[in-house]
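The values are calculated or read from the model by the stated rules, or taken from the named source; none is laboratory data. Not measured: the values here are computed from a predicted model. For the accessible areas, the whole protein counts, side chains as well, though only heavy atoms, and no ligand, DNA or RNA atoms are used. Shrake-Rupley method; radii C 1.70, N 1.55, O 1.52, S 1.80 Å.
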Amino acid sequence: MYPQQPHVALAPEPSPISPPKSRSRTAVVVVSLLLGLALGGGAVAIAWVLSDNSSSSVEGVGPRGDASAACRALDGFDESKYIAKGSAGEIAVNRYAAAGVLSASAAAGDATYRPLAQAIRRSQDRHAQAFDFDEKVKKDLDEARSICKGL
């Protein structure tokens, strides 16, 4: 058997240099954080004022813009390409979905656009049941497109 080794403490020797005063360091950190918070809040307030969306009738903003975007998506939607492979099919699927989402957003913001949202939603629901663009689905799409022409 080996004799037991003496226990050696691994703690470092105390340093003869005194640590910096923590109060002054803490004060600098707190002041820096408060200054950063104030500057950041000011920047956000300025950005908010500059991007005021009070004129929601502007194209692309608010319910009118959502309805317009829904109609553009529906205008670019070709039912015959819905099941196509590749990018043509992906474009058709995404435009159909976008028309539904954007029209629902427009209707949520302004009841004037509810008939558009309902027509697109009906077509999507019927398509989900039939897995095809049958006459009922096409009728609802035609109705949505005619509503778009009236906007």
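In segment 104-151, Cα pairs under 8 Å separated by at least six residues give a relative contact order of 34 percent.
Leaving ligands and nucleic acids out of the surface, order 79, 90, 143 by accessible area at 1.4 Å, largest first. Could you put the intermediate results ahead of the total?
Values: 79 45, 90 120, 143 70 Å².
I get 90, 143, 79, largest accessible area first.
For segment 101-150, what does the equivalent ellipsoid look like in terms of its semi-axes, each the square root of 5 times an eigenvalue of the Cα gyration tensor, given largest first in whole Å?
Over the Cα atoms of segment 101-150, the ellipsoid semi-axes are 20, 12, 6 Å.
Length gained on full extension, residue 88 to residue 101: 2.7 nm, using 0.36 nm per residue less the C-alpha separation. Cross-link pairs exceeding 22 Å between alpha carbons, from the set 81/139; 85/136; 81/138: 85/136.
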